[in-house]
1. Could you name every one of the helices (runs of 4 or more DSSP H) located completely within segment 20-87 that has at least 2 residues being closer than 30 Å to residue 6 by Cβ?
2. For segment 9-44, enumerate the residues that are of a type in the set (Val, Ile, Thr) and either surrounded by 10 or more Cβ atoms within 10 Å (Cβ to Cβ) or under 25 Å from residue 55 (Cβ atoms) (or both).
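None of the figures in this text is laboratory data; all of them are computed from the coordinates on show. Since we're looking at a predicted model, the values are computed, not measured. Cβ coordinates were reconstructed from backbone atoms using ideal geometry, including for glycine residues, and neighbour counts include every protein chain displayed.
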Amino acid sequence: MASGYGLNGGPSRCFPFWQEVLACYVVNTTTEDDSGKKKCAPVLEDYYECLHHKKEAARVRALQAAYQKAEAKNPRDDAPSAAQIRTLGLLEESMEDKNLKPARFLPYKKPSIT
């Protein structure tokens, strides 16, 4: 959170990283010379990662892509068909067989059996 306080009133999850960034700036810079900021780049990078999780998201995307590629190479033999997934076994029976009544306020059209 921007205020430095977390959701439960304590310090935010990234507050320790921010303290490291500030400590690095205090040690490595002066009012006349800002060249020490370059030494703080790794610490600042850790702070940004804590805030935005960009590296973590990139790792997750890479893992998901590798998993999908492996799944495409070795398809399952007993995988359900698309029709089985869509129906889940619910649409094959009539409303009477499923012991369901049509809704009172929603329009219902009886299926035409041909």
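1. Answer list for segment 20-87: 41-52, 54-73.
2. Scanning segment 9-44 gives 21, 26, 27, 29, 43.
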